[in-house]
Structures are given as C-alpha cells and as structure tokens.
C-alpha cells in the first residue's frame, strides 16, 4: 500500500481554488508568497487576526490568492487604506504586499509618511525593477542603464535605495532579501510580522517576461543564479551602503531593528496629556471580543 500523500503545509494559507496563479513562468512573486505562507505557519498568528492589503500590479494580485481577509486597493493607495484599517482595528496584524511601481512611485509619498508616523504595518515590496503588468515602464527602482518601454535607450535617473529611504524616515525594521533566499526571507517575514511599528522588507525578484527579456538577461532561473552569486549578507550595515548597482553586488540582510512609539501609541499619549481622565481609548470590536 502506498503511503498517504501529505498536504503541502502552505495550502491552508492559499485560495487553492484560484490556482494556478496568473504569474509568468520564472516570476519570483509566487516564491515570495510561499515564503509568506511559511512565515504565517511559523508565527502561529490566527488568520482571523490578519489582513493583507495590496495595490495594483503583478504583486498586487497576491492579496487575492491568500486565504485571509484581504483588500485589493487602487493604484499606489495600499498604505493609506492599510493605515485606516489598522487604526480602526488595532487588534489586527495588517500587511501591505505590493510592488516597486505601486509603493515607490505613485505610492511613494504614502510610504515615507507611514514610516515617519511609525504606522503599525508590515510592508512587503517585491522589487522586479519594472511595471510588469502595464507594459514594462521604468520605475524608481529600475537600474541605470536598463531598458524599459519608457526608456528605450536605457534608464538614466538615480535609483531609489529603498532600505535607506525606509530607515531615514523612521522604520523600526528594515530588511532586504531576494527570491533566492527563501529560508532567510521566511524567517524575516515571521520576525517582522510579530513586531510593532512600520516594518519594511524589500525582495528582489525576477521579471522574465519584460525586464529580463528586454535587457537580454536570460530567464528567471538565470536571474536566480545571479542573486545566488552576487548577494552578500551584511546584517546591521548602514543603509546608505546598500544601494543596488546594475548587475553588481546585492547587499541583503536585516539592516534595522529598533523600537519607538507607534502612530497609535503617540496618538494615545497626546490625547491622555491633553484630556487627562476624560480620554477614553478606542477599543475595536475585534479587540473587545478577544478580551471578553
């Protein structure tokens, strides 16, 4: 008699009826979702206490495949939607899961202010250096001189160092991994999801259909080999030193892990000082139910 087939432990975190996903063969987004599901399994967070918010784009489709409460928002607005959700339901763990075009371009202003305020959010940014769903346009993270549909002669603008941006704006947790570093990424996600404040994880991931093809960099597997060969783990390094350089060294690791009052903490403290005994802290229905 053949041994029973064991179910993949990540399946319970996914909407299996929607599989297979829309992502292209060789795309790294699916790998990051696998890591996130394993992080949820390790962290043991009740799924009723978790919400995932995403914007528009290839990575924005992640929310629809996760078997949790999720919200697919308008382009670039995932963070303000998530901030409102977290303030209304502080008992929830709220995760923003989107791409570099969504979070660093049209959503860039929301990103820096959420970090400044220390909103209690985990922001996962899958960075494939292009707008993968809308035609392969250049993004703030596209390397120079990479080819994009809007830069046919090569990108020429300065590239965002997203970990430095998050760090300088006040994020309490900042890390970068690649789609090759599956164990490290899953561990980092599990660690970050249990921390309070604005946490940011950048994931370099291959886009074989537009970015790699246009720049004659091979397939998704070739990019994964590149990540393996060129990545250097440097925990705690100054984020000013981790800027990505086109086809050169990729610095990965956990760069920032600190504590400071969250947006909710600061708001409560100000109201207590201003109103004294008149101030009654808000308790969400979900929190009240869990305390009963």
Query raised in the report: Does residue 193 count as modelled with pLDDT of 95 or more, surrounded by fewer than 16 Cβ atoms within 10 Å (Cβ to Cβ), over 19 Å from residue 165 (Cβ atoms) and within 20 Å of the chain's Cα centre (by Cα)?
Result: no
Requested in this report: Specify the residue that is modelled with the highest pLDDT; the eligible residues are those in the range 120-133 that are crowded, with 24+ Cβ neighbours inside 10 Å and more than 20 Å from residue 176 (Cβ to Cβ).
Outcome: 120
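Which ranges mark the helices (runs of 4 or more DSSP H) fully within the range 1-114 that have 2 or more residues being surrounded by 24 or more Cβ atoms within 10 Å (Cβ to Cβ)? Give the steps one after another, and end with the answer.
Details: elements: 29-43, 62-65, 78-88.
Fully inside the range 1-114 and qualifying: 29-43, 78-88.
Does any residue of the range 174-185 turn out to be assigned to a helix (DSSP H, G or I), out of contact with any helix residue (DSSP H, G or I) (no Cβ under 8 Å at 6 or more places or on another chain) and free of Cβ contacts under 8 Å to residues at least 12 places away in the same chain? I'd like the intermediate steps shown before the answer.
Just the residues of the range 174-185 that are assigned to a helix (DSSP H, G or I), to begin with: 182-185.
Those left that are additionally out of contact with any helix residue (DSSP H, G or I) (no Cβ under 8 Å at 6 or more places or on another chain): 183-184.
Still in the list and also free of Cβ contacts under 8 Å to residues at least 12 places away in the same chain: 183.
Yes: one or more hits.
Answer yes or no as to whether residue 49 is without any contact (Cβ under 8 Å) to a residue 12 or more places away in the chain and over 18 Å from residue 188 (Cβ atoms).
Details: without any contact (Cβ under 8 Å) to a residue 12 or more places away in the chain: no; over 18 Å from residue 188 (Cβ atoms): yes.
No: the conditions fail for residue 49.
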Query raised in the report: Which ones in the range 153-172 are touching a strand residue (DSSP E or B) at 6+ places or on another chain (Cβ under 8 Å), in a helix (DSSP H, G or I) and farther than 15 Å from residue 109 by Cβ?
Result: 163, 167
Query raised in the report: Which of the residues belonging to the range 40-60 are under 22 Å from residue 8 (Cα atoms) and within 13 Å of the chain's Cα centre (by Cα)?
Result: 52
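So if I check each of 249, 202, 264, which one is touching a helix residue (DSSP H, G or I) at 6+ places or on another chain (Cβ under 7 Å), buried (at least 19 other Cβ atoms within 10 Å of the Cβ) and at pLDDT below 95?
Details: 249 fails: buried (at least 19 other Cβ atoms within 10 Å of the Cβ); 202 fails: at pLDDT below 95.
After ruling out the rest, the residue left standing is 264.
The values are calculated or read from the model by the stated rules, or taken from the named source; none is laboratory data. All values reported here derive from a predicted model rather than from experimental measurement. Every residue, glycine as well, gets a Cβ built from its backbone with ideal geometry; the counts of neighbours run over all protein chains shown.
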